[in-house]
Amino acid sequence: MLKDKALEYFKNGYSCSESVIQACIDEGICPAELLPCATTFSAGMSSGCLCGTVSAAQLVLGYVYGRNNKYNNEVFAREKAAELVEKFRKQNKVTCCRILSAGYVGSAKKEHCAKFVCDTCTILEDLIKVKV
């Protein structure tokens, strides 16, 4: 499953956003060129706002469904993006990294955020109907 691969990367030094992207690369969902793009998404894009896992999943959805790909349907891509946020928010109440990780530091934060890596990958897998 996508979440298992992402969790393994997360536990082995990848950031939350990089973990999501690397698991998707491994499964052939997106190209390796997207990995460096995800590096700056962790820690709420360094502002604490949007959870890095959500932003990475948005990148994947844009790649899969967005402009100039086999679907070439930016409206559909935005609908999928909104669905991702809605499902994540339903499970975790918010999408804000600062709120999701409040009170956690160091290894405790890493352990806490592993849930968001798993949640996001499960949602993403459903949205793109990947059988991994």
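None of the figures in this text is laboratory data; all of them are computed from the coordinates on show. These numbers were taken from a predicted model, which means no experiment stands behind them. A quick note on method: Cβ atoms are made from the backbone with ideal geometry, for glycine too, and the neighbour counts reach across all protein chains shown.
Looking at the stretch 103-132, which of the residues that are assigned to a loop (DSSP other than H, G, I, E, B) and among the hydrophobic types (A, V, I, L, M, F, W, C) is nearest to A77 (Cα to Cα)?
The first filter runs over the stretch 103-132 and keeps only residues assigned to a loop (DSSP other than H, G, I, E, B), leaving 103-105, 129-132.
Pick out the ones that are also among the hydrophobic types (A, V, I, L, M, F, W, C) and you get 105, 130, 132.
Values: V105: 34, V130: 16, V132: 21 Å.
Looking at residues that are assigned to a loop (DSSP other than H, G, I, E, B) and among the hydrophobic types (A, V, I, L, M, F, W, C), I get V130.
Evaluate the following for D4: is it under 15 Å from the mean Cα position of the chain (by Cα) and closer than 15 Å to V117 by Cα?
Values: under 15 Å from the mean Cα position of the chain (by Cα): yes; closer than 15 Å to V117 by Cα: yes.
It is true that D4 is under 15 Å from the mean Cα position of the chain (by Cα) and closer than 15 Å to V117 by Cα.
Quick one: in the stretch 17-38, which of the residues that are polar (S, T, N, Q) and free of Cβ contacts under 8 Å to residues at least 60 places away in the same chain is nearest to C96 (Cα to Cα)?
Applying the filter and picking the extreme gives S17.
Given (1) surrounded by 15 or more Cβ atoms within 10 Å (Cβ to Cβ); (2) out of contact with any Asp or Glu (no Cβ under 7 Å at 6 or more places or on another chain), identify the lone condition not met by E33.
With respect to (1) surrounded by 15 or more Cβ atoms within 10 Å (Cβ to Cβ); (2) out of contact with any Asp or Glu (no Cβ under 7 Å at 6 or more places or on another chain), E33 is out only on (1).
Which one of the conditions (1) free of Cβ contacts under 8 Å to residues at least 24 places away in the same chain; (2) among the hydroxyl-bearing types (S, T, Y); (3) at negative phi; (4) not in a loop (DSSP other than H, G, I, E, B) does Y14 fail to meet, given that it meets all the rest?
The failed condition is (4).
Just to be sure I understand the filter: pairs with C-beta atoms under 9 Å, separated by 6 or more residues or on different chains, first member in the stretch 80-99 and on the phi > 0 side of the Ramachandran plot, second member in a helix (DSSP H, G or I). Which pairs pass?
Filtered contacts from the stretch 80-99: K93/I99; K93/L100.
Of the residues in the stretch 86-102, how many are in contact with a Leu (Cβ under 9 Å, 6 or more places away or on another chain) and outside any loop (DSSP other than H, G, I, E, B)? Can you show your working first?
Let us first name the residues in the stretch 86-102 that are in contact with a Leu (Cβ under 9 Å, 6 or more places away or on another chain), namely 87, 92-97.
Next cut, outside any loop (DSSP other than H, G, I, E, B) only: 87, 92, 96-97.
Matching residues across the stretch 86-102 total 4.
One line per residue, one yes/no per condition, for (1) aromatic (F, W, Y); (2) surrounded by fewer than 17 Cβ atoms within 10 Å (Cβ to Cβ); (3) under 16 Å from H112 (Cβ atoms):
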| residue | (1), (2), (3) |
| --- | --- |
| E8 | no, yes, no |
| K11 | no, yes, yes |
| V20 | no, no, no |
| I29 | no, no, no |
| A43 | no, no, yes |
| G62 | no, no, no |
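What is the residue count in the stretch 47-87 for residues that are touching a Gly at 6+ places or on another chain (Cβ under 8 Å) and among the aliphatic types (A, V, I, L, M)?
Selection size over the stretch 47-87: 3.
Hey, among the residues in the stretch 71-127 that are closer than 15 Å to V60 by Cβ and of a type in the set (S, T, Y), which one's surrounded by the fewest Cβ atoms within 10 Å (Cβ to Cβ)?
Here the residue is Y71.
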